[in-house]
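These notes are about the structure you will find just below.
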Amino acid sequence: MSVIGVDAGGTLTKIVYEENGGLHFKTFSSEQQESVLQWLTILAQNHKLYITGGKAEKWGETFPQARIVGEFEAVCSGAKLLLKEEKSDLKQFILINIGTGTSFFKVDENGCERLLGSGLGGGTFMGLRGLLTGESDYHELVRLSKEGKRELVDLSVRDIYEAMNSPVPEHLTAANFAKGIHLLRKQTNCGLYRI
């Protein structure tokens, strides 16, 4: 029996499944939950199902045969598995998991411990999309992001130090969206919403 892994998150639903000897990865907006559940109901008939994420318990109501896995356990176990597949002998590391928000973990021989978190993550990206573009499709946003030029909105270390020697590489971002106010002043009809 093959396996399906689902991360039922607040922003995205990620699904990995085995088929014809290979792994397949699909990403859906969590707003598409009903259609994803219908598709997964058909797919899950011949698979063992594991669900994690913030909506895992709710999904478990639809799939009582599924095993619910704690999100932090899934993140840490998954990272260790990937390192093993890469033949890495790393025993101790900091793991950063970006979901709707972002969690920072310390992983070592004794296990996995969540150190802290941040409200910046995929939820921030999806929230900004509505404020700035009105676009709601995650995949279209990813495509559009490739056309963007971060140096137009982000303040770089180069912008701060100008002609002086910088203690870190000049191309690094010093502050995200710090140039945004200048864009709003220059482009009153740019399609951006004033907040």
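Using a Gaussian network model of the chain in which every pair of alpha carbons under 10 angstrom is joined by a spring, one finds that among 133, 11, 100 the greatest mean-square fluctuation is at 133.
Measuring nothing but protein heavy atoms, the accessible surface of the chain at 1.4 Å probe radius is 54 percent carbon and sulfur. Solvent exposure of the chain, expressed per residue, is 68 Å² of accessible area, with all protein chains present and a 1.4 angstrom probe. Peptides 140-147, 162-169, 23-30 ranked from most to least packed, by the mean per-residue count of other Cβ atoms within 10 Å: 23-30, 140-147, 162-169. Once the Cα-Cα distance is subtracted from the 0.36 nm per residue extended length, the residue 160 to residue 176 segment shows a gain of 4.4 nm.
Straightening the chain between residue 82 and residue 143 buys 19.3 nm, computed as 0.36 nm per residue apart minus the Cα-Cα spacing.
With a simple spin-label model that places each label point 7 Å from the Cα along the Cα-to-Cβ direction, the separation between residue 37 and residue 89 comes to 4.9 nm.
Here the Karplus relation 6.51 cos²θ - 1.76 cosθ + 1.60, evaluated at θ = phi - 60°, turns the backbone of segment 150-164 into coupling constants of 5, 5, 7, 10, 8, 7, 9, 4, 4, 5, 7, 7, 6, 8, 7 Hz, with x for every Gly and Pro. When the C-alpha to C-alpha distance is required to be over 24 Å, the pairs from 26/48; 106/146; 14/84 that qualify are 106/146. Summing Cβ point charges (Lys, Arg +1; Asp, Glu -1) relative to the Cα centre of the chain gives a dipole of roughly 380 debye.
The values are calculated or read from the model by the stated rules, or taken from the named source; none is laboratory data. This structure is a prediction, so every number in the text was calculated from the model and none was measured. A quick note on method: Cβ atoms are made from the backbone with ideal geometry, for glycine too, and the neighbour counts reach across all protein chains shown. Please note that ligands, DNA and RNA were not included when accessible areas were found on the heavy atoms of the full protein model with its side chains. Shrake-Rupley method; radii C 1.70, N 1.55, O 1.52, S 1.80 Å.
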